[in-house]
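Worksheet: one structure, shown below.
All of the numbers you see were taken from the coordinates with simple rules; none came from a lab. All figures in this text were calculated on a predicted structure; none of them were measured in a lab. Glycine also receives a Cβ, built like all others from the backbone with ideal geometry; neighbour counts cover every protein chain displayed.
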Amino acid sequence: MRTPEARSDEAVGLARAIDLDVVGAEIVSLSAIRPATYLGKGKVEAIAEAVKADEIDLVVMDCALSPVQQRNLEKAFGCKVIDRTGLILEIFGRRARTAEGALQVELAHLAYQKSRLVRSWTHLERQRGGFGFLGGPGETQIETDRRLISERMVRIERELDQVKRTRALHRASRADVPYPVVALVGYTNAGKSTLFNRLTRAEVMAADMLFATLDPTMRLIKLPHGGAAILSDTVGFISDLPTMLISAFRATLEEVRAADVIVHVRDISHIDSEAQAHDVETILEELGIADRADRLIEVWNKLDKLDAGARAAIDHDEEAAPAALAVSAKTGEGIDRLMAAIEDRLARGRTLVELTLDPSDGRGLHWLYEHAEVMSRADSDDGLRLTVRVPPDQVERVKRRFGEGP
């Protein structure tokens, strides 16, 4: 679904995300993939000459290379070669900020390393980010020991299982409050963190780069009618996301699976917006998220980047497809409609209850504002008349606590 030019631009963006100086990028047409070198002999020789002439230290192949292909290309080019998976893993290694994120990336890295003959296993000696694809301080040339890798993977999986259980306990405690969960998902650099900051007034790192956010962040948001929800910002998806990364980040992405509402954020200004949306939907399916149509809100972000013609087309498309909401997380346009849509989606299956409170029952009124959505409020001769919207499992509790209005 993508143009070769867009794929090339994305690969360059990935390289620059870890501060690589990109000397050049080339799109290569292949009649067939060569088992030994992926590229044809003539192209390998041409790239080798360019590497030597420009004193290039690294060649990134935007594809999946076998261990043999990677090794043969390194011999031919006389420099380090990494593939798309290796580059994404390197980015993730540098972005991880929490202990959990570091464990998840290390597990994915080890699964990748285990399948190939790599000269060094450096992450135990490294003092800072990254996982040794590009070299760095403290690097040693030690032949990978498969048994040690396997033992380390078992230990990490055990620790991540504990993380998964801890998250499940946190979700259970939130269910007792209860606060519904709204998860932001989308292609990397679609503007999820900017939208998260706009909705929560937080200051999560938001930058115009691929994978600016890796570690999940959660904040409480207030809904238009006084209710509350937990908003979760997640790692961005990308085309051809390595299976090992999906597996490693499954503990984090459990938050998406358990979410009451999933907000799919799309960069509508991107030339490959449709293809990016398809990739996100594919990964959601791989995560086993069923019946997501009932929980999904599609958001077309970055309206501020569109010219007048494209904006008019978006307005027309939005009328034709009312399920999508056009917003600008940067300027705030459309955010009120999005908040209303989130509240409306959360309200499905909830029950409206009419209540009459004694005006002196301040504690009860506070409880309702914290645990339910107060839709209307009016003084009457009988007391304070309220219409509240509550989850099905809270209806009887509310009626017992406050009684039901006439």
What length, rounded to one decimal in nm, is gained on full extension from E157 through to T387, with 0.36 nm per residue of separation minus their alpha-carbon distance? 78.0 nm
Distance cut-off 30 Å, Cα to Cα: go down the list K80/K330; K43/K305; K52/K192; K222/K305; K164/K330 and report the pairs above it. K80/K330; K43/K305; K52/K192; K164/K330
Under Stokes-Einstein, with the Kirkwood radius over Cα pairs standing in for Rh, what whole-number D in µm²/s applies to the stretch 351-402 at 10 °C and 1.306 mPa s? 145
Could you order the peptides 334-347, 375-388 from most to least packed, using the average number of other C-beta atoms within 10 Å per residue? 334-347, 375-388
Within a Cβ distance under 9 Å of V60, other residues only, what is the Lys/Arg minus Asp/Glu net charge? -1
How do V263, V390 line up, fewest other C-beta atoms within 10 Å first? V390, V263
By the mean-Cβ-within-10 Å protection proxy, highest first, 68-77, 83-92 rank as 83-92, 68-77
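Sort 105-115, 274-284 for me by packing, meaning the mean count of neighbouring Cβ atoms within 10 Å per residue, highest on top.
Values: 105-115: 20.7, 274-284: 18.1.
Per-residue mean Cβ counts within 10 Å order the peptides as 105-115, 274-284.
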